[in-house]
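Chemist: Here you go, one structure.
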Amino acid sequence: MTIALSTGNIGKVLNNKFHSAIKEISGEAIIIDRDSLFDVAEFLRNSDEYAFDYLNYLTAVDYYDYFEVVYRITSLKHNRTLILKTRCDRDNPSVPSIVKLWKGADFQEREVYDLLGIVFEGHPNLKHIFLWEGFQGHPLRKDYF
Amino acid sequence: MEIDITREQVYSPAEIDKHEGENIESLKKASLNRIIPDRIEWLEEDIHRNILLTSADAVINWARRSSLFTAVCFPACCGIEMMAMAASRFDLARFGMEILRASPRQADLMITAGTLTWKMAPQVKRIYDQMAEPKWVIAMGACGISGGIFRSSYNVVPGYNHIVPIDVYVPGCPPRPEALLYGIQMLKNKIAREHTRIELKFKAESTEP
């Protein structure tokens with residue numbers, strides 16, 4: 001069974017490497033600054049020490065004041081899993097795309113863009129996936145209705 | 001050990017051969033100079049016995065309702081009940097309509113089994129438009145009638161009657177296969193009361209020079 005990585009240990013490593021990027025380290029997840037998300041993710045994916053080569057899922061939550069994008073990544077090599085989170089404001093929500101690191105993020109980022117309206121900067125084909133072209137609004141936002 | 005003969009033959013082999021020869025000879029004597037006529041007399045008397053007087057409506061409606069072919073349009077979970085209805089326990093074949101046509105052009109009945117989203121709606125409309133006249137639609141289940149529990153959703157069509165004309169509504173979530181069979185019977189009764197106008201078009205001959 002895959003073991004959830006203790007955020008304490010990896011948090012120290014990330015804190016040393018990316019000082020300002022790590023905003024908060026909770027029991028389950030590491031919350032990363034939006035601007036450095038790609039660098040941190042690239043380090044976690046490509047370093048031999050961690051080698052998080054698999055993206056389990058990517059989703060987003062509406063917390064009224066801000067959006068939170070959640071990434072769950074797994075290292076098949078070390079049999080470890082980790083949750084990353086990043087936050088963006090509601091007015092002009094945008095998050096760097098991680099499709100270059102994990103191809104599986106493609107459709108899931110499009111889904112989040114479709115239903116919550118978060119723009120993923122650098123996504124190769126960011127357009128509607130569930131809803132049709134011309135649909136007004138983002139249905140999974142809390143203020144949609 | 002001696003063979004115990006418990007039963008003697010009634011006829012000796014010579015007698016059997018003689019009997020067979022007599023049989024063949026008698027059949028040959030009776031058949032050789034005789035030809036049995038082919039049974040073709042009824043072809044001539046066709047017109048005397050094969051007329052049935054009825055109304056055109058009765059015949060046309062009987063033909064139409066007796067083998068309804070269903071188009072494949074099962075967007076959601078009601079399709080499972082629909083399959084149960086078509087399978088051996090409830091057995092749609094009893095009503096001459098067990099074939100679910102893969103092509104809408106060979107179908108004349110659409111059973112709308114399931115929730116319809118706005119993204120799927122153009123495809124359902126296209127399936128309906130591709131079906132040849134005459135064609136009928138059964139709205140199956142709460143979603144087919146009104147959108148069901150998804151009625152207020154942002155992408156669910158609130159009832160198939162926004163897209164295609166409906167003939168029979170079968171309520172339920174999902175309806176039991178018996179309910180769907182009952183709905184099909186109601187549709188057959190409806191077809192039996194239809195009127196067909198046969199339009200004979202003659203070219204009016206001009207009386208003017």
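Quick note: the coordinates plus some simple rules give every number you see, no bench work behind them. The model shown is predicted, which means the values in this text are computed figures rather than measured ones. Because the Cβ atoms are built from the backbone with ideal geometry, glycine has one as well, and the counts that use them run over all protein chains shown.
Chemist: Which GluC sites (Glu not before Pro) does the range A:81-145 hold that lie in a coil by DSSP with at most 15 other beta carbons within 10 Å? Let's see the in-between values first.
Modeler: Values: sites: A:109, A:111, A:121, A:133; in loops: A:133.
Of the GluC sites (Glu not before Pro), the ones in loops of the range A:81-145 whose Cβ has at most 15 other Cβ atoms within 10 Å are A:133.
Chemist: Could you compute the FRET efficiency for residue A:33 and residue B:149, with r as their C-beta to C-beta distance and R0 at 41 Å, rounded to 0.05?
Modeler: Working: r = 41 Å, r/R0 = 1.01.
Computed FRET efficiency for residue A:33 and residue B:149 comes out at 0.50.
Chemist: Next question, about the same structure. Are there chymotrypsin sites (Phe, Trp or Tyr not before Pro) in the range A:1-108 that DSSP puts in a loop and that have at most 16 other Cβ atoms within 10 Å, and which ones?
Modeler: Values: sites: A:18, A:38, A:43, A:50, A:52, A:54, A:57, A:63, A:64, A:66, A:67, A:71, A:102, A:107; in loops: A:18, A:50, A:52, A:63, A:64, A:102.
Passing both the DSSP loop test and the Cβ count: A:18, A:63, A:64.
Chemist: Here is a further query. With angles folded into 0 to 90 degrees, how steeply does helix A:7-17 sit against the dominant principal axis of chain A? Use alpha carbons for both and round to 10.
Modeler: The two axes meet at around 90 degrees.
Chemist: Okay, next question. Positive end of the dipole of the range B:1-141, charges at C-beta (+1 Lys, Arg; -1 Asp, Glu), about the Cα centre: which of B:84, B:118, B:30 has its Cα farthest in that direction?
Modeler: After comparing all options, I get B:118.
Chemist: Size of the dipole of chain B about the Cα centre, Lys and Arg at +1 and Asp and Glu at -1 on the beta carbon, nothing else charged, in debye to 20?
Modeler: On the way: 25 positive and 26 negative charges, 355 e Å.
Dipole size: approximately 1700 debye.
Chemist: Another question about this same structure. List the GluC sites (Glu not before Pro) within the range B:23-54 that DSSP assigns to loop and that have no more than 10 neighbouring Cβ atoms inside 10 Å.
Modeler: Values: sites: B:25, B:41, B:44, B:45; in loops: B:45.
Sparse-neighbourhood loop GluC sites (Glu not before Pro): B:45.
Chemist: For the protein assembly as shown, compute Rg over Rh where Rg is the Cα radius of gyration and Rh is the Kirkwood radius from the inverse mean 1/r over Cα pairs.
Modeler: 1.35
Chemist: Now a separate question. Would you give the gap between the C-alpha center of the range B:105-184 and the C-alpha center of the range A:44-75, rounded to a whole Å?
Modeler: One Cα centre to the other: 41 Å.
Chemist: Identify, among A:50, A:15, A:83, the residue whose Cα sits farthest towards the positive end of the charge dipole of chain A, taking +1 on the Cβ of Lys and Arg and -1 on the Cβ of Asp and Glu, with the dipole about the Cα centre.
Modeler: Of the options given, the answer is A:50.
Chemist: Report Rg/Rh for chain B, rounded to two decimals, where Rg is the Cα radius of gyration and Rh the Kirkwood radius.
Modeler: Numbers: Rg = 31.9 Å, Rh = 22.7 Å.
Checking Rg against Rh, the ratio lands at 1.41.
Chemist: Once you treat every alpha carbon in the range B:81-170 as an equal point and sum by Debye, what is log10 I(q)/I(0) at q = 0.13, 0.14, 0.15 Å⁻¹?
Modeler: -0.44, -0.51, -0.59
Chemist: Let me ask something additional. Please list, or write none, the aspartates and glutamates whose alpha carbon is within less than 18 Å of the alpha carbon of residue B:29, excluding same-chain residues fewer than 8 places away.
Modeler: Answer for residue B:29, where 18 Å is the Cα cut-off: B:20, listed by chain and number.
Chemist: What is the magnitude of the charge dipole of the protein assembly as shown about its Cα centre, with +1 placed on the Cβ of each Lys and Arg, -1 on the Cβ of each Asp and Glu, and no other charges, expressed in debye to the nearest 20? Working shown, then result.
Modeler: Working: 42 positive and 47 negative charges, 233 e Å.
Around 1120 debye, computed over the protein assembly as shown.
Chemist: What does the charge dipole of the range A:40-145 about its Cα centre add up to, to the nearest 20 debye, if the Cβ of each Lys and Arg holds +1 and the Cβ of each Asp and Glu holds -1? Don't jump to the answer; show the numbers that get you there.
Modeler: Working: 13 positive and 16 negative charges, 57 e Å.
Rounded to the nearest 20 debye, it is 280 debye.
Chemist: Can you tell me which lysines have their Cα less than 29 Å from the Cα of residue B:28? Leave out same-chain residues fewer than eight positions away.
Modeler: The reachable lysines, counting only those whose Cα sits under 29 Å from residue B:28, are B:18.
Chemist: Further question: Take the residue pairs A:23/A:100; B:125/B:188; A:17/A:103; A:77/A:103; A:23/A:103; B:135/B:188 and return only those whose Cα atoms are more than 21 Å apart. Before the final figure, lay out the partial values.
Modeler: Working: A:23/A:100 24 Å; B:125/B:188 23 Å; A:17/A:103 25 Å; A:77/A:103 18 Å; A:23/A:103 26 Å; B:135/B:188 12 Å.
Distance filter (> 21 Å) returns A:23/A:100; B:125/B:188; A:17/A:103; A:23/A:103.
Chemist: Let me ask another. Counting other C-beta atoms within 10 Å, which of A:74, A:2 has the fewest, and how do the rest follow? Show your work: numbers first, answer last.
Modeler: Details: A:74 18, A:2 13.
Fewest-to-most ranking of A:74, A:2: A:2, A:74.
Chemist: Along the Cα→Cβ direction, 7 angstrom out, place labels at residue B:54 and residue B:20. What is the inter-label distance in nm?
Modeler: 5.5
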